[in-house]
Amino acid sequence: MDAEVVRLIETVSLDAIKILGPAIIAAFATYKATKIQYEIKLQEITKGHEFKAREHLFDYYKERQAKLSMSHEELNRALSQLLGMSAASSDYDEGDSTSKIVDSFSGISGLYTELAPFEIEATLKDFESKGLSEAIEYIKLQSYTDRLRDLQEPINYYSIKDNVFLLLEVYSFLERCNQILLETQIERLFSEYVGSERS
C-alpha cells in the first residue's frame with residue numbers, strides 16, 4: 001500500500017505539473033506582457049503630456065512674439081510722431097496746442113519706458129529657465145535694464161530723440177530675444193522627432 005500511495009502521489013503530481021505548469025508559465029508570461037504594455041502606455045501618456053506642455057509653451061512664446069511685435073509697431077508709430085512733432089515744435093510755447101500734443105506723446109513714451117523693465121525681466125527669467133543665461137543676448141538684455149533706469153525725463157527735442165531711439169532699440173531687441181526663446185521651444189518640442197541643431 002505504501003508503494004501504491006507513492007505511485008498515486010507521483011501520478012497526481014505529474015498530472016498536476018502537466019496541467020498547472022503551462023498555466024503558471026502562461027500566467028507569468030501574461031503578467032510580464034501586461035506589465036510591459038502598461039509601462040509602454042505610461043510612457044506614451046507621459047510623453048503626450050510632455051508634448052502638450054511644450055506645445056503650450058510654444059503657443060505662449062508665439063503669442064508673446066505677436067504682442068511684442070504689435071507693441072513695437074505701436075511704439076514705433078507713436079514715437080515717430082513724437083519725434084516729428086517735437087522737431088517741428090522745438091521752439092513751442094508752453095500751453096499751445098503743439099506743446100499739448102508733444103506732452104501727450106511724451107506720456108506714451110513714458111508708459112513704454114515704465115513697461116520695458118517688466119518685459120525685460122520676464123524675458124530674462126525665460127532665458128534662465130531655458131538654460132540660456134550665458135547667451136550674449138541675455139547679457140545685452142540685462143544692460144538695457146540699467147540704461148532704462150538711468151533714462152531722464154525728456155526736456156527737449158534731443159532728450160526726446162534719445163529716449164525714443166533707446167525704447168525702439170529695447171523693444172526690437174526684446175522681439176529678437178523672444179524669437180530665440182521661440183526657436184528654443186520649437187527645438188525642444190520636436191527634438192525627438194527631428195534631429196536638428198540650433199543655428
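None of the figures in this text is laboratory data; all of them are computed from the coordinates on show. These numbers were taken from a predicted model, which means no experiment stands behind them. Cβ sites come from the backbone with ideal geometry, for glycine too, and all protein chains shown count toward neighbours.
Based on the mean of other Cβ atoms within 10 Å per residue, sort peptides 59-68, 43-52, 112-121 so the most packed one is first. Walk me through the intermediate numbers first.
Numbers: 59-68: 14.6, 43-52: 10.8, 112-121: 16.4.
Sorting 59-68, 43-52, 112-121 by mean packing, highest first, produces 112-121, 59-68, 43-52.
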*Report the label-to-label distance for D15 and R54 in nanometres (one decimal), using points 7 Å from each Cα along the Cα→Cβ vector.*
6.0 nm
*K161 to A33: extension gain in nm, 0.36 nm per residue of separation minus the Cα-Cα distance?*
38.9 nm
